1. Which FRET efficiency value, to the nearest 0.05, do you get for residue 175 and residue 152 by plugging their Cβ-Cβ distance into 1/(1 + (r/R0)^6) with R0 = 25 Å?
2. Rounded, prolate or oblate: pick one for region 81-205, where a ≥ b ≥ c are the square roots of the eigenvalues of its C-alpha gyration tensor, a/c under 1.5 means rounded, and failing that, prolate if a/b is larger than b/c, else oblate.
3. Would you calculate the separation in nanometres between label points at residue 127 and residue 57, each defined as 7 Å from the Cα along the Cα-to-beta-carbon direction?
């Protein structure tokens, strides 16, 4: 009798252990289905999206590199005649040139001491170069602002030409102490479309005209002096 009771108790204990184990497995399986399963799918979707974005970025970078390698300068898509005429006029118009330099200097906050433009020189490529030397007083920031303004009067934005004045190229900049400020001597060039009113690029002098006959040769040279720039600070031509 005692043996039968002990056997029944052992069977009950083993059965209880099995039931607990089965219940634990069911709970784990249910938890995975309810909680971990959707998370796994979400993680997989995020990985796919990340890979797609990385591929898109790589494609964009590749296209940008190809575009940069195709040309070293921006392509001007459209530029109307007025903007081109503003950037490179067909006449020298020295008073307007001096006035533009004076206004640019005032906007930058520097004080002009002198402007010395030279006569236009034919480049031999369909345009003339006007060499200019100017002296201005200011601090480091105002002189830098002057150079920036001169360089950005003409620029290209999104493939389109923008011209707020003549085009200038800076050749040299020399700085020297001037009291509590700096004195900047700047040499720069501007350009005129065409070859009118120009001088020889070899001699730097206006072209000469010779009048001669068979019996007697008479040389006649006409010289046009270089226009003089304003020498007073803030002078308006």
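Bear in mind these aren't lab numbers, they're just calculated from the coordinates by the rules spelled out. Fair warning: this is a prediction, and the values are worked out from it, not measured in the lab. FYI the Cβ positions are ideal-geometry reconstructions off the backbone, even for glycines, and counts take in every protein chain you see.
1. Computed FRET efficiency for residue 175 and residue 152 comes out at 0.75.
2. oblate
3. 4.2 nm
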